[in-house]
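My questions will all concern the structure given below.
The values are calculated or read from the model by the stated rules, or taken from the named source; none is laboratory data. Note that the structure is predicted; figures quoted are calculated from it, not measured. When we count neighbours, we look across all protein chains shown, and the Cβ atoms used for this are built from the backbone with ideal geometry, even at glycine.
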Amino acid sequence: MQAKSKSGGKRLNKRTLVASALILLVIPATIVFGIFVLNDRKYYLISLLIIVYTMLPFFMVFEKRKPQAREIVVISVLAALAVAGRVAFFMLPQFKPVVALVIIAGVCFGGEAGFLVGAVSGFVSNFFFGQGPWTPWQMFCFGIIGFLAGVLVQKGWLSRNRVPLSIFGALATLLIYGGIINLGSLFMTTPHFTWQGLLAFYVSAFPMDLVHVASTFAVLLLLSKPMMEKLERIKIKYGLIEPEPEQAL
């Protein structure tokens, strides 16, 4: 069994630490490289690199055993649901269930799976909405929220109950997704960073960010409990996404 931290939650294992390094350091550096070196013209390449980085720690789950198809299928279905949810509400700008579904994936299957579902759903759904230099930013925003949800639940700092999850989802949508996407919008609009310009993006986007917040809160409040109960039954029945015991770091 993994050792417990003083806070009562599990310590982060080697796989999660690798994922943290990739998500917090390598992926942002790759996005910055795409902006300033590739002039935002190689967004397909940057998007694919993000997916590759994301898959590395996720498949470390299977480093000591052979993965079974049903384990990959569950993650793929969650990503497909996120894509379908985003497309289904295309007529309502920013009313999207993607963040909520990504959080559910992270809570049920771990932060690595949460990031993978978020990154893949952002990339695939943009084949409908349109690919562009904004795609890597959206992939990163969706993914990091799923990753944080999984890590916070693992550490015991976030409850799996629907009300705390809904509040977390609302705050993450406003502060993380909105905060990072608006920064990306500034870089996509002008090569020169100014605090005044960044503030203008935050102010102009705030009403739409509130719609996004409301949709995330509502979906988590209504669907998180039944979805997580069903996913937990699937995990127990088939023994999904349970790595071999390893020494925590």
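For residues that are small (Gly, Ala, Ser) and buried (at least 16 other Cβ atoms within 10 Å of the Cβ), scanning just the stretch 180-212, find the one that is farthest from Gly132 (Cα to Cα).
Ala205
Here's something else I'd like to know. State all residues of the stretch 117-133 that are crowded, with 23+ Cβ neighbours inside 10 Å, free of Cβ contacts under 8 Å to residues at least 60 places away in the same chain and either touching an Asp or Glu at 6+ places or on another chain (Cβ under 9 Å) or of a type in the set (A, V, I, L, M, F, W, C) (or both); if no residue qualifies, say none.
Hit for the stretch 117-133 is Val117, nothing else.
If a residue has to be β-branched (Val, Ile, Thr) and assigned to a helix (DSSP H, G or I) to count, how many in the stretch 174-196 make the cut?
Let us first name the residues in the stretch 174-196 that are β-branched (Val, Ile, Thr), namely 176, 180-181, 189-190, 194.
Now drop any that are not assigned to a helix (DSSP H, G or I), which leaves 176, 180-181, 189.
Adding up the residues that qualify gives 4.
Let me ask you something else. What's the total number of residues in the stretch 154-204 that are more than 30 Å from Phe109 (Cα to Cα) and among the hydrophobic types (A, V, I, L, M, F, W, C)?
Counting residues in the stretch 154-204 that are more than 30 Å from Phe109 (Cα to Cα) and among the hydrophobic types (A, V, I, L, M, F, W, C) gives 10.
Any residue in the stretch 82-94 that's modelled with pLDDT under 90: show its pairings with residues that are in a helix (DSSP H, G or I) at Cβ separation under 6 Å, as long as the two are six or more apart or on different chains.
The qualifying pairs are Arg86/Val98; Arg86/Ser125; Val87/Phe128; Gln94/Met208; Gln94/Val211; Gln94/His212.
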